[in-house]
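Below is one structure, written out as structure tokens; the observations come after it.
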Amino acid sequence: MKPFSFAELLARVAALGRRRPGFAIETVLAVADLEVNLLARTVTRAGGAVELLPREFLLLEYLLKNAGQTVTRTMLLEKVWDVHFDPNTTVVETHISRLRSKIDRGHVVPLIHTVRGVGYMLSAAN
């Protein structure tokens with residue numbers, strides 16, 4: 001409710017109108033049979049619901065946004081836990097293990113892979 005200039009408001013609305021068509025925020029992320037709805041905060045794998053804790057959801061979201069790319073432990077600590085130094089903790093490994101048990105258990109094709117000495121990758125390829 002700060003005072004504002006009506007001319008500035010019109011300029012901002014006009015700028016939004018000039019954005020390229022088709023500019024949309026991605027609300028559903030998917031790899032293979034795994035689907036995450038970011039608005040509803042739901043996760044399904046092969047049509048079945050997967051219940052995740054809030055931090056597990058953030059971890060899966062980050063892995064999905066970087067699907068097919070290796071993400072390091074440090075990247076996960078910074079983006080998911082907002083820790084900007086490398087404490088000697090196993091929090092990433094613990095959460096990846098829990099996430100694997102919820103996402104990959106009972107499925108023929110695992111989606112969460114360890115890249116030895118580097119980090120983790122979410123991919124349908126082995």
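Placing +1 on each Lys and Arg Cβ and -1 on each Asp and Glu Cβ, with no other charges, gives region 57-125 a dipole about its Cα centre of roughly 240 debye.
Once the 1.4 Å probe is applied to the protein heavy atoms, region 23-126 comes out at 59 Å² accessible per residue. Think of the chain as having a plus end and a minus end, set by charges on the Cβ of Lys, Arg, Asp and Glu; of T44, F6, P87, F6 sits farthest toward the positive end of this dipole. Here the chain is treated with +1 on each Lys and Arg Cβ and -1 on each Asp and Glu Cβ, and its dipole about the Cα centre works out to around 280 debye.
Ordering G17, V108, A30 by the projection of their Cα atoms onto the charge dipole of the chain, which places +1 on the Cβ of Lys and Arg and -1 on the Cβ of Asp and Glu, puts G17 at the extreme positive end. For the chain, the alpha carbon convex hull comes to 172 Å³ per residue, rounded to a whole number.
Ligands, DNA and RNA left out, the 1.4 Å accessible surface of the chain is 57% carbon and sulfur atoms.
The values are calculated or read from the model by the stated rules, or taken from the named source; none is laboratory data. Model, not experiment: these values are computed from the prediction. So basically every Cβ, Gly included, is an ideal-geometry build from the backbone, and we count neighbours across all protein chains shown. Quick note on the areas: whole protein, heavy atoms, side chains included, nothing else; ligands and nucleic acids left out. Shrake-Rupley method; radii C 1.70, N 1.55, O 1.52, S 1.80 Å.
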